1. Can B:Thr159 be described as surrounded by fewer than 18 Cβ atoms within 10 Å (Cβ to Cβ) and within 30 Å of A:Gly250 (Cβ to Cβ)?
2. Kindly state which helices (runs of 4 or more DSSP H) lie completely within the range B:164-232 and contain at least 1 residues that are surrounded by 24 or more Cβ atoms within 10 Å (Cβ to Cβ).
3. Which number in (1) surrounded by 24 or more Cβ atoms within 10 Å (Cβ to Cβ); (2) away from chain B (no Cβ under 14 Å); (3) not in a helix (DSSP H, G or I) marks the one condition that A:Ile54 misses?
4. I'd like the residue in the range A:258-294 that is over 19 Å from the mean Cα position of the chain (by Cα) and surrounded by 17 or more Cβ atoms within 10 Å (Cβ to Cβ) and, out of all such residues, is nearest to A:Ala60 (Cα to Cα).
5. List the number of the failed condition for A:Trp165; all other conditions in (1) out of contact with any Cys (no Cβ under 9 Å at 6 or more places or on another chain); (2) free of Cβ contacts under 8 Å to residues at least 60 places away in the same chain; (3) assigned to a helix (DSSP H, G or I) hold.
6. Need pairs with beta-carbon distance below 8 Å; first residue within 14 Å of another protein chain (Cβ to nearest Cβ) and within the range A:292-321, second acidic (Asp, Glu); sequence gap 6+ or separate chains.
7. For A:Thr81, work out the one condition from (1) surrounded by fewer than 20 Cβ atoms within 10 Å (Cβ to Cβ); (2) over 19 Å from A:Met176 (Cα atoms); (3) more than 14 Å from every other protein chain (Cβ to nearest Cβ) it doesn't fulfil.
Amino acid sequence: MQDRMGKDVMTTLVVAGGLIWLLPQLVSTYTLTVLIIYGMLGFSLGLIWGFGGILCFGQAAFFGLGAYTYAIAAINIGESTLPMLIAILVPAIAALLLGAMMFYGRLTDVYLGVITLVVTLILFKFINSTAGPQFVIGTARLGGFNGIPGFQTLNVPGDPDAYIWGDAYYYVCAVMMVLVYLLVSALLRSSFGRIAVGIRENETRMSLMGYDVAARKTILFAIGAAIAGLAGALFANWGEIVTPGLFSLGQSAEIIIWCIVGGLGTRFGPILGAAGLAYLKFALGQQSLIDNTLITGLILVLFVLFLPKGLVPAISSLWKVSFARRSPSRVHQARRMRNRGRANG
Amino acid sequence: MDLSIVILVEMLYAVASLVLISAGLAVVFGMMKVINLAHGEFMMMGGYATITAVNLGANVFVAMLVVAPITVGLIGLVVERLVIRHLYGRLVDTMLATWGLSLFFIGVATMIFGNTTTGISTPIPGFSVGDYQINGYNFFIILVAIALVVGMLVILKSTRAGLIARGTMQRSDIAAALGYSPDRIYMATFFCGSALSGLAGAVLAPLVGLVPTSGGAYIAKAFITVIAGGPSLVAGLLSSAGLFGLVNQIFTFAISPVIGDVALLVAAVVLLRLLPQGVTGKFFKGKL
């Protein structure tokens, strides 16, 4: 167990290091930074949906909340270390409250979807209507449809004048992504993570075994929101402006599409889906022959119809079929499992 | 006195437009348990069908009440054959696939009509009540909504087709054993649902400037109304549309339209928390 964990961490570090070094040779770091941020956002939904079975239609709400919190806090405080932390905390607390309301009320699938969607819409409408000068938090004006520009961007902790931008910012985001990935991996390997998967598989069984399902789902939901909030804060730093568009339905839809295309129930899938589709969108934006939205929609429909499990599981099963040696003991074991199944069935 | 008449008409109008917006989705979700997130785009296409037909010289009422529903119904038919029928019984998958369809249709509409606002003028002039001006077209929308609800009740309750449809929705295997093909009934139901969406989009088209992304404004409201309504088709639709329309207009008149919209959404969250199965999951049980 310990050994496999070490191996997993090593593989992650080696692959991530390789990618961080290799990708800037192919794509500009400015684009790569936002791809990583989207990857992190996709990863946050991948965690709660793929491993917790919570389909949240409003992950964009936490993303936007993180971005807005960072912008407002940075204007008021004037440096970036504390605002980053606040931008993670505020979405997490919001998710704790929202999650407690939903999960203790035993809302599931569609109803959960509606509520998260509605909350996103409320935030969107509210922020959109805050153009007037009376909407002020501290010294930061909310700005309504125009958003908030001109806040302090990321700086070296303790030195507000040493800005981190350009290539350096790319490396910061990449390291953050790897850190989040490792932390989530550790979480999933812990008993909390395995129980979360158990809840996804069968909620009634887990609650009969004595686990507090509502509390665990709420906490997992909050962790996902914290990651989305971090992604939002990083996005605010990258774009140097936050707008209500961050809360929009389209943004929420895109996050769900990333997870589906990349592969649910895998850690790497949503990241790959997010970065890949965001890059595709970027590349398609360079031409005007076919509308961008049309292709995004077509991809989603085709994936749901023909590859509902997503890219990463499909590729890995293809890999196993074509390359993996089938060790005799494993074949034997599989046969035994099958026979046992037949005896019971 | 005059103000109270205006407010009454506005409230009826708010409820009627919610009924219109949600009817198509209610048929598709309530009867087939398919959540059609492309519903808003079906409405958008209904609007474009109307405008195109009017520009080609058709009478505006013919365009709204005949051309648009049939056009959108046929598009719905194609969608059902190509995509939806492979996904019956997989709630989340249908949601995602129809979301993809909605993006697809937005893209198609952008390529055909361009990303600009189009519209037609309202065919019915306004009139004044005392010091206030009322949009005469609001009455038309209220009338259409009433006709729609009555029509749905009559068809579902007292025609053979309605009986077969309801039976199939409850137990498709028994319906199949009795010699009705569930496949074709689902197809027909989806056609009706799409046609209703098209009708709603067409009737509302003169009131809004139409852009390819117009559908997004409707889908959330429709989705919320239908889910909050619960399992009964007509009773659920009426009760939740009535409730939300009322809340929306009270807060709109008391404070501002934005607060009205927010109040509607908050009411939906509270309602779903208290009655997770929707209004008709608790009250009016067993009604249509």
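Here, each number is a calculation from the coordinates, and none is a lab measurement. Source: prediction; values computed, not measured. In this analysis, Cβ positions are derived from the backbone assuming ideal geometry, glycine residues included, and neighbour counts consider all displayed protein chains.
1. On the way: surrounded by fewer than 18 Cβ atoms within 10 Å (Cβ to Cβ): yes; within 30 Å of A:Gly250 (Cβ to Cβ): no.
Criteria not met by B:Thr159.
2. Numbers: elements: B:172-177, B:182-204, B:215-229.
Correct list: B:182-204, B:215-229.
3. Here A:Ile54 clears every test but (2).
4. Going residue by residue through the range A:258-294, those that are over 19 Å from the mean Cα position of the chain (by Cα) are A:282-294.
So of that shortlist, the ones also surrounded by 17 or more Cβ atoms within 10 Å (Cβ to Cβ) come out as A:284, A:291-294.
Details: A:Leu284: 23, A:Asp291: 23, A:Asn292: 20, A:Thr293: 18, A:Leu294: 21 Å.
The extreme case among them is A:Thr293.
5. For A:Trp165, the failing item is (3).
6. A:Thr296/A:Glu254; A:Val304/B:Asp93; A:Pro308/B:Asp93
7. (2)
To keep it simple, each residue is scored yes or no on (1) of a type in the set (Gly, Ala, Ser); (2) away from chain A (no Cβ under 14 Å); (3) under 16 Å from B:Met32 (Cβ atoms).
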| position | (1), (2), (3) |
| --- | --- |
| B:Ile174 | no, yes, no |
| B:Leu178 | no, yes, no |
| B:Arg184 | no, yes, yes |
| B:Leu204 | no, yes, no |
| B:Gly215 | yes, no, no |
| B:Tyr218 | no, no, no |
| B:Pro231 | no, no, yes |
| B:Ser239 | yes, yes, no |
| B:Leu243 | no, yes, no |
